[in-house]
There are 2 protein chains.
Amino acid sequence: MTSFAAWARAAQERTEAALARCLPAAAIAPQRLHEAMRYAALGGGKRVRPMLAYAAGEAVEAPAGRVEAAACAVELIHVYSLTHDDLPAMDDDDLRRGKPTCHVQYDEATALLVGDALQGLAFEVLAEPGLHPDPAVQLEMLHLLARAAGSRGMCGGQAVDLAATGRRLELAELEFMHIHKTGALIRASVLLGALAAGALAPEARERLEHYAKCVGLAFQVMDDVLDAEASTATLGKTAGKDAAQGKATYLTLMPAREARAYAQELVEDALGAATGFGERGGRLADIARFIVQRSY
Amino acid sequence: MTSFAAWARAAQERTEAALARCLPAAAIAPQRLHEAMRYAALGGGKRVRPMLAYAAGEAVEAPAGRVEAAACAVELIHVYSLTHDDLPAMDDDDLRRGKPTCHVQYDEATALLVGDALQGLAFEVLAEPGLHPDPAVQLEMLHLLARAAGSRGMCGGQAVDLAATGRRLELAELEFMHIHKTGALIRASVLLGALAAGALAPEARERLEHYAKCVGLAFQVMDDVLDAEASTATLGKTAGKDAAQGKATYLTLMPAREARAYAQELVEDALGAATGFGERGGRLADIARFIVQRSY
């Protein structure tokens, strides 16, 4: 069995190649928009969501080709949300994945359209006729992704985040925000990867839901820890922004050591769920472990 | 047979009611986002795209309930694009449908999220499990809408529009822009309304494609004429903006009288296509006629 590092690199490369194929070529009109879409989506990123889709696909033996479409779709939603999040009207950030953000490199109107078009492309990729042998399952995948992206998912979490800036949240409120802002798309990544195999048995689905919930929160806890502790160079995005913007984070509620312990606890819980898939759940377990060990 | 005015009013009311049902209630968290989504989508609008979906549905005897989902989906895409278009980074407009635009009424970040969430909701509505008895046709509807909304459709047209500001376009370039910016979604409205009945016979599809192309261009020509000639009060949005912003319009290429004649010609062509459906194509014909007669 290859190491997790090698597996992760392969998953990242595969995601990069699949995105490069599904994004319109920069030579196709309107060229500037297509170039900017490729700028935003290609050449970097941890690709955590595609990795989760691949790992969940492996857990239920889904054909890799179909998982790839799911991986692209969730990553396109993620990249669109980053592009819009970085805009002056939102987080107003200049740096993303070690490069100037899309509106800095191009302009605000283009970055707005890039995000809009990437969201559309995510659904286009997943609605590809014949992608899945069972069109009803493919529809379920689309419905799940749309719901995860919308106001009762990711966009809703961002709205809560906006409203929370400068205000102290209780742990329950903070988790409500994260379950929406990042949790919904992480859940979709896991479930879509698995649905690529076909309809899910209730207990497999339950295990995946539990895994995704724990991993999603652990990821966010560690994001807050790293934002406070790591350097901008290591992160590839502006460090220390949360505190500077008065954002509610886990570190406003607990010391960093306690936050790390909380993340560790969530990861143990996720590992328990991954075990249910036997050896095939190995990559899900690897990703969970990686989340508390990463430094960027 | 009821008059077109009565039919159109009924279609508008039906669209309003269907949108009110599919939009999350303003009492659901995050409340401010849901309130703003309802503000942007409800209480106005010509509802031309839903009308086209209903009329195309009637032409092929599609069940009205299923057409309703298609009508909602296309209108949600339209409303999201208006909300983003009105942002300061794009057209920077204060007035829409006679009300303050979403970012004026709320704030820029909320208006950005409103547009993002409305786009997601459009796909959620159309991906509803069990909406269509043939899930493969439902997938085709989703694919068509996603393609129409994205960079090779509406978003692409907006990018061309941005690039064209302050530059004189030839007729061919101007039409390329409109075929993407408004034509793609008008085409999707017509085809989705018809696909609600089931897979389309090649000749019915061809007639609908031709109808949509002519109606889409005629609509845009008349939009340019009305922007130049009508008042802000009649339009419910800021009049004369195109000229003020140095935008390429049909009126920079031809006198208003000639533009009206061109629209009339396109409408005649659309009427020819509608005739192919016999009496059932009556509402498609009515809408085409309405486009050259409207004053707002």
Notebook entry, point to check: Out of all the residues in the range B:104-119, is one or more closer than 19 Å to B:Pro63 by Cα and at the interface with chain A (Cβ under 7 Å from one of its Cβ atoms)?
Noted result: no
Check: Can you find even one residue in the range A:246-262 that is without any contact (Cβ under 8 Å) to a residue 60 or more places away in the chain, among the aromatic types (Phe, Trp, Tyr) and under 21 Å from A:Asp286 (Cα atoms)?
Finding: yes
Notebook entry, point to check: When you scan the range B:1-61 for helices (runs of 4 or more DSSP H) that lie fully inside it, which ones turn up with 1 or more residues that are in contact with a Gly (Cβ under 7 Å, 6 or more places away or on another chain) and touching a residue at least 24 places away in the same chain (Cβ under 8 Å)?
Noted result: B:31-41, B:48-59
Next item on the list: Quickly run through the range B:19-45 and pick out the residues that are away from chain A (no Cβ under 14 Å) and either closer than 17 Å to B:Leu113 by Cα or surrounded by fewer than 20 Cβ atoms within 10 Å (Cβ to Cβ) (or both).
Entry: B:Ala20, B:Arg21, B:Leu42, B:Gly43, B:Gly44
Next item on the list: Report whether or not B:Pro100 is free of Cβ contacts under 8 Å to residues at least 24 places away in the same chain and more than 8 Å from chain A (Cβ to nearest Cβ).
Entry: yes
Item checked: Of all residues making up the range B:178-202, the number that are more than 19 Å from the chain's Cα centre (by Cα) and either surrounded by 23 or more Cβ atoms within 10 Å (Cβ to Cβ) or touching a residue at least 60 places away in the same chain (Cβ under 8 Å) (or both) -> 4
Check: Given (1) more than 14 Å from chain B (Cβ to nearest Cβ); (2) assigned to a helix (DSSP H, G or I); (3) over 20 Å from A:Arg47 (Cα atoms); (4) touching a helix residue (DSSP H, G or I) at 6+ places or on another chain (Cβ under 9 Å), where does A:Ala248 come up short, assuming only one miss?
Finding: (2)
Next item on the list: Determine whether the range A:168-181 contains at least one residue that is out of contact with any helix residue (DSSP H, G or I) (no Cβ under 7 Å at 6 or more places or on another chain), of a type in the set (Asp, Glu) and under 19 Å from A:Asp269 (Cα atoms).
Entry: no
Margin query: Take the residues in the range B:26-63 that are out of contact with any helix residue (DSSP H, G or I) (no Cβ under 7 Å at 6 or more places or on another chain) and small (Gly, Ala, Ser); name whichever of them is modelled with the lowest pLDDT.
Written below: B:Gly44
Check: From the residues in the range B:9-29 that are closer than 14 Å to B:Pro50 by Cβ and among the small types (Gly, Ala, Ser), which one is nearest to the chain's Cα centre (by Cα)?
Finding: B:Ala11
Check: Pairs under 7 Å by beta carbon, first residue under 15 Å from B:Ala212 (Cβ atoms) in the range B:264-291, partner among the aromatic types (Phe, Trp, Tyr) and modelled with pLDDT under 95, six or more apart or different chains?
Finding: B:Ile291/B:Phe219
Check: Got at least one residue in the range B:103-124 being in a strand (DSSP E or B) and surrounded by fewer than 21 Cβ atoms within 10 Å (Cβ to Cβ)?
Finding: no
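Residue by residue, here is whether (1) surrounded by fewer than 24 Cβ atoms within 10 Å (Cβ to Cβ); (2) touching a Cys at 6+ places or on another chain (Cβ under 6 Å); (3) within 18 Å of B:Ala163 (Cα to Cα) holds:
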residue: B:Ala70; (1), (2), (3): no, no, no
residue: B:Glu75; (1), (2), (3): no, no, no
residue: B:Tyr80; (1), (2), (3): no, no, no
residue: B:His84; (1), (2), (3): no, no, yes
residue: B:Pro88; (1), (2), (3): yes, no, yes
Notebook entry, point to check: Which condition does B:Ala199 not pass, out of (1) hydrophobic (A, V, I, L, M, F, W, C); (2) more than 13 Å from A:Ala29 (Cβ to Cβ); (3) part of a helix (DSSP H, G or I), if it passes all the others?
Noted result: (3)
Checklist line | the range A:135-177, subset in a loop (DSSP other than H, G, I, E, B) and facing chain B (nearest Cβ under 8 Å), residue surrounded by the most Cβ atoms within 10 Å (Cβ to Cβ) | finding: A:Ser151
Next item on the list: Tell me, yes or no, whether the range B:174-194 has at least one residue that is in contact with an Asp or Glu (Cβ under 7 Å, 6 or more places away or on another chain), modelled with pLDDT of 90 or more and farther than 20 Å from B:Cys155 by Cα.
Entry: no
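The values are calculated or read from the model by the stated rules, or taken from the named source; none is laboratory data. Values in this document were obtained by computation on a predicted structure and should not be read as measured data. Cβ atoms come from the backbone with ideal geometry, glycine included; neighbour counts cover every protein chain shown.
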